[in-house]
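Comments concern the structure below.
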């Protein structure tokens, strides 16, 4: 039975761990908080409290990685309001630990934020397009992607997910009732939690390693159309958009999901 370590059992990592268990994998999972250890234990996940800092890894990282063949790295940069945080330094510390471990394969969960929004948003962006991040988070994620691919002691597959929705998580809750929202014509780039989990499982089961894959639902209505329709369905106050400023955005395609995994979306229309 293959053992997998999941660094970051949060909104995506925990249900992913449970789904992998049902597939017969043994799972080790990490959390940054002591309180969540009991939650992981109650699900049959071997739990470890591990926290990444710029300088070091706090917690039993060696034990967490011990005897695992696969590591899934699912930790967000969280750089918006914490300028002292350095995600690249944290990942470099993780890479050092991996090299000392039994890990042979890594799944790194990245984001489509490595691509900047632009006015020519009708042109689709595929996996072979070169990133041009315009945010600190996007820049550091792209640097980390390159760091993983440079390693020669293990193989890495990177999945760039679009905006994650599902299980009471949806941008419409933040947009509801707001006015003067920008980029009404820009296309959405979202993916449902169910598809995130299944894509990661399929990569493991099909041995799709040393790949770079986009994970975005093939459904790209405009932000205005989509969020106003969802708000109506959920009986929320309508978001109001500013149509006097030129919209910027991007349209992410997931071509390799089909060519490599022959993947069929569970929630292609995000419902």
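Yes/no per residue for (1) farther than 20 Å from residue 104 by Cα; (2) outside any loop (DSSP other than H, G, I, E, B):
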{"site": "1", "(1), (2)": "no, no"}
{"site": "14", "(1), (2)": "yes, yes"}
{"site": "71", "(1), (2)": "no, yes"}
{"site": "78", "(1), (2)": "yes, no"}
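Within the stretch 198-215, being in contact with a helix residue (DSSP H, G or I) (Cβ under 7 Å, 6 or more places away or on another chain), part of a helix (DSSP H, G or I) and surrounded by fewer than 20 Cβ atoms within 10 Å (Cβ to Cβ) holds for 201, 202. Within the stretch 198-209, residues that are closer than 15 Å to residue 155 by Cα sit with their Cβ atoms under 9 Å from residues that are at pLDDT below 95 and in a loop (DSSP other than H, G, I, E, B), at 6+ positions apart or across chains, in these pairs: 204/2.
For the stretch 221-271, a residue qualifies if it is more than 30 Å from residue 128 (Cα to Cα), free of Cβ contacts under 8 Å to residues at least 60 places away in the same chain and surrounded by 14 or more Cβ atoms within 10 Å (Cβ to Cβ), and the qualifying residues are 228, 231. Scanning the stretch 21-71 for residues that are surrounded by 12 or more Cβ atoms within 10 Å (Cβ to Cβ), under 18 Å from residue 92 (Cβ atoms) and in contact (Cβ under 8 Å) with a residue 12 or more places away in the chain yields a total of 13. For the condition in contact (Cβ under 8 Å) with a residue 12 or more places away in the chain, more than 20 Å from the chain's Cα centre (by Cα) and assigned to a loop (DSSP other than H, G, I, E, B), residue 85 does not qualify.
The values are calculated or read from the model by the stated rules, or taken from the named source; none is laboratory data. None of the values given here were measured: they were computed from a predicted structure. Cβ coordinates were reconstructed from backbone atoms using ideal geometry, including for glycine residues, and neighbour counts include every protein chain displayed.
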